[in-house]
Amino acid sequence: TRNSLVSSSADIASYQKSIFAAFGIWHLAWPDNRQNKKILSMRSIAVPVILIIFVALLPAVTVASSLPLDAQGIGLFLGWLGAGSLVASLLLMIRNPYWVSCFGGLQQMYRWHHGMGVLSFVLLLMHPMLLAGYYVPLGSDIAEEYLSPLNPQLINILGWLALAIITLGMATTF
């Protein structure tokens, strides 16, 4: 009976180690590995996170200096930032084994993908609202006309089409 108890305890310890390793919290249960695991974890996730943030910010940063500091400029900036975040989110769909290991597993990478997708959707929804806000001083009817899907301007038609495509794409994943 003593051997079965030891075997059982060893199995439990092995199981606990695999669970803690799977969740990336090995250092919480075994403090002697804490510092090494923390350093490896920070190094492995730093490269993809920096790359994703760079991709998300690049379009917005390139046009930021030419934008006015009013509702229209902020609306345009949020549009570019939302587009960059959407591209970064789409990059996180790639199941590259190196990236998966850097993010600590496919599940964690999908969490980042989901978070970036939600962020980009919110930024892209705020984009036309701020652009319409630019026209509020001229009259609320002008701002409403700007946001109307019946507005015949090509840029507004393309904006509504893009919103419909992004919404349909997101709706299929929830």
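For the reader, a short list of remarks on this structure follows.
- Filter pass, residue 82 being part of a loop (DSSP other than H, G, I, E, B), out of contact with any Phe, Trp or Tyr (no Cβ under 7 Å at 6 or more places or on another chain) and touching a residue at least 12 places away in the same chain (Cβ under 8 Å): no
- Residue, nearest to residue 172 (Cα to Cα), within the stretch 94-104, restricted to residues that are assigned to a helix (DSSP H, G or I) and without any contact (Cβ under 8 Å) to a residue 12 or more places away in the chain: 100
- Residue pairs meeting the criteria (Cβ under 6 Å; at least 6 apart or on separate chains; first more than 12 Å from residue 121 (Cβ to Cβ), in the stretch 156-174; second open to solvent by less than 100 Å² (accessible area, probe 1.4 Å)): 160/149
- Qualifying residue in the stretch 83-105 (condition: open to solvent by 80 Å² or more (accessible area, probe 1.4 Å), farther than 21 Å from residue 53 by Cβ and modelled with pLDDT of 90 or more): no
- Among the residues here, residue 72 does not qualify as part of a helix (DSSP H, G or I) and without any contact (Cβ under 8 Å) to a residue 12 or more places away in the chain.
- Among the residues of the stretch 131-145, those identified as open to solvent by 50 Å² or more (accessible area, probe 1.4 Å) and not in a loop (DSSP other than H, G, I, E, B) are 136, 137, 138, 140, 141, 142, 144, 145.
- Each residue in the stretch 45-69 was checked for being polar (S, T, N, Q) and outside any helix (DSSP H, G or I), and 2 pass.
- Residue 107 falls short of the stated requirement of being in contact (Cβ under 8 Å) with a residue 60 or more places away in the chain, assigned to a helix (DSSP H, G or I) and over 13 Å from the mean Cα position of the chain (by Cα).
- Options 151, 156; residue that is polar (S, T, N, Q) and part of a helix (DSSP H, G or I): 156
The values are calculated or read from the model by the stated rules, or taken from the named source; none is laboratory data. Owing to the predicted nature of the structure, the values given are computational and were not obtained by experimental measurement. With ideal geometry, Cβ positions are generated from the backbone for all residues, glycine too; neighbour counts draw on all protein chains shown. Protein only, heavy atoms only, side chains kept; ligands, DNA and RNA dropped before computing areas. Shrake-Rupley method; radii C 1.70, N 1.55, O 1.52, S 1.80 Å.
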